[in-house]
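So the structure is just underneath, and the comments pick up after that.
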Amino acid sequence: MKQRFETISIHGGHSPDPVTGASARPLYRSAAYAFKNSQHAADLFALKEPGYIYTRLGNPTQEALETRLALLEGAPAGAALALASGTSAVFYAIINLARHGDEIIAVSNLYGGTYSMFAAILPDLGIRVRFVRPYDLEETAKNITGKTRAIFVEAIGNPGLDVADITALADLAHAGGLPLIVDATFATPYLLRPLEYGADIVLHSLTKWIGGQGNAIGGIVVDGNTFDWKNKGFALYDEPDASYHGIRWGHDLPNALPPFITRMRTVPLRNLGACISPDNAWFFLQSVETLALRMDRHSANAMAVAGYLAGHPKVAWVRYPGLTEDPCHALACRYLPRGCGGMVVFGLAAGSASGRELGQRFTERLGLFSHLANVGDAKSLILHPASTTHSQLSDRQQQEAGLKPEMLRLSIGLEHQDDILEDLEQALAGIA
Ligand code: PLP
């Protein structure tokens, strides 16, 4: 029987242990796993038999998390790989399909760390990233060349909060023989499942709402396993891999092993090593059980905050896709019918002081909000992205990333809505 989201988030990937009866997935803290015999060892390394070798490559606690997240995204059970951080999820997703001489297209309104990786690190590795404006499908199509290997977009951009038109981008990508990769961190699979709209690969920073309490770092990549990697453009899947017994990842794997995730585990993860710790995997398994409840509350609180700020005379502008006047509201109605998540960004109406100066004064007057560089916590958070998370970007790059100099970014938590509003009210009242 097909289970629904809330049920999978609690039961997916684990049933009581047949030996001990443990009802929660145990935390397996073992670096390595004993082979039954020499043949068993050889078969594991040759991918002829599933099983555990060494925790850098996989671990039973991590596996339960991967299965649960894959099922929540609507992907096959074995088609996810948990990693040390959202950043390593982005990096491994790219280098698992592109190599020196290849190109990626990225919609420009990205998290600052991803933008820097794409603008500075990938080019040093010989992978060119062509940035395109959000919603400019014509420009996106023009940038597809014989060397392009993927289109990358954030489902809800950090920090601009533009909602991606996933179906339109997926259609464009597929017409060019390319996969669409969606970083859906700001939506979580509860609010949006990009695979249902045609995306091929979804990734998340687990650190944010999936963890939900700001106390563990992790990332995950989920592959819909629908993209055909045999296409000759994808040399990493077509040519024999000298680093792994000459295997051709797009051709030689048994049907049960999804090529993209199997290659990511066996090549980048095995050899570069950004594995998730079993402890963090265990923590994310617990927290995902309440994701649906928490996202409903985050969305309701954020909607109330956005509405309040939009009506305040000291506020110049507010972005929240749930507001009917937001430029992305129509896309939000289509892609985010359950709610628009916990992020709200806004700018203060500058009088004699600059918007940025006012923002600093406002931030310092807040009592309930924590001033720190994270999102997706149960606690309400505030940050000035232009001088922090996105400060390494030039003015032009910040503009391309959808960032205004005066923008304040709120991650609305799970506190009582009235307490959140009262804190904003007293801070607004206290600034000139
Ligand atoms: N993707 C998005 C949209 C993010 O906001 C972040 C971090 O803020 C990341 C990826 C990177 O995740 P992590 O901090 O877990 O490396």
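The values are calculated or read from the model by the stated rules, or taken from the named source; none is laboratory data. Treat the numbers as computed from the prediction; the structure is a model and nothing was measured. Cβ placement follows ideal geometry from the backbone for every residue including glycine, while neighbour counts extend to all protein chains displayed. Just so you know, the surface numbers come from the protein's heavy atoms only, side chains and all, with ligands and any DNA or RNA stripped out. Shrake-Rupley method; radii C 1.70, N 1.55, O 1.52, S 1.80 Å.
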3J(HN,Hα) from dihedral phi, the range 174-179, Karplus parametrisation 6.51/-1.76/1.60, rounded to Hz, x for glycine, proline: 5, 4, x, x, 10, x
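Quote the charge dipole size of the range 241-331 about the Cα centre in Debye, to the nearest 20; the model charges only the Cβ of Lys and Arg (+1) and of Asp and Glu (-1). Show your work: numbers first, answer last.
Values: 8 positive and 7 negative charges, 31 e Å.
Dipole size: approximately 140 debye.
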For the chain, built as a Gaussian network whose Cα springs stay under 10 Å, the top-fluctuating residue of Ala332, Ala46, Ala77: Ala46
Solution diffusion estimate, µm²/s, Stokes-Einstein, the range 286-345, Kirkwood Rh from C-alpha pairs, 37 °C, viscosity 0.692 mPa s: 272
Whole-number Å³ per residue for the convex hull built on Cα positions in the chain: 141
Estimated inter-spin distance, Arg365 and Thr167, nm [label 7 Å along Cα→Cβ]: 4.5
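Rounded to the nearest 0.05, what FRET efficiency do Glu49 and Ala373 give with R0 = 41 Å and r taken as the Cβ-Cβ distance? Could you check? Walk me through the numbers on the way to the answer.
Values: r = 44 Å, r/R0 = 1.06.
The pair Glu49/Ala373 has a calculated efficiency of 0.40.
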FRET E, pair Glu357, Leu272, Förster distance 41 Å, beta-carbon r, rounded to 0.05: 0.45
Cα-derived Rg over Rh, computed across the range 90-162 with Rh taken as Kirkwood radius: 0.94
Against the rule of thumb 2.2 N^0.38 Å, how large the Cα Rg of the range 1-124 comes out: 1.33
Kirkwood Rh, Cα atoms: Rg over Rh of the range 38-91: 1.03
Long-range HN-HN contacts of Glu415 with modeled amide H, under 5 Å: Ser380
Residues of the chain: accessible area per residue with a 1.4 Å probe, Å²: 40
Nearest-10 value in Å² for the accessible area of Asp162, using the 1.4 Å probe: 30
Sum of -39500 (n - 2.57) over DSSP H runs of 4+, divided by residues of the chain (222 nm, nearest 500): -9000 deg cm²/dmol
Label-point separation in nm, Arg334 to Trp317, each point 7 Å along Cα→Cβ: 2.3
Accessible area of Thr7 in the full protein assembly, 1.4 Å probe (Å², nearest 10): 50
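Taking the square root of 5 times each eigenvalue of the Cα gyration tensor, what semi-axes in Å does the equivalent ellipsoid of the range 237-369 have, largest first?
Working from the Cα gyration tensor, I get semi-axes of 46, 19, 18 Å.
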Whole-percent pair-distance distribution, where bins are 10 Å wide, for the alpha carbons of the range 302-432: 13, 44, 36, 7, 0
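Tally up the carbon and sulfur contribution to the accessible surface of the range 349-421 as a whole percent, 1.4 Å probe, everything protein left in place.
Details: 1560 of 3320 Å².
Carbon with sulfur: 47 percent of the solvent-accessible area.
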Cα→Cβ-extended label distance, 7 Å offset, between Ser38 and Thr20, nm: 3.3
Solvent accessible area, Å² - Thr389, 1.4 Å probe, full protein context: 30
25 Å Cα-Cα threshold exceeded, pairs from Lys142/Lys232; Lys48/Lys230; Lys208/Lys232; Lys147/Lys230: Lys208/Lys232
Ranking by accessible area, most exposed first, for Trp229, Trp282 with a 1.4 Å probe: Trp282, Trp229
The range 191-292, accessible surface, carbon-and-sulfur percent (1.4 angstrom probe): 51
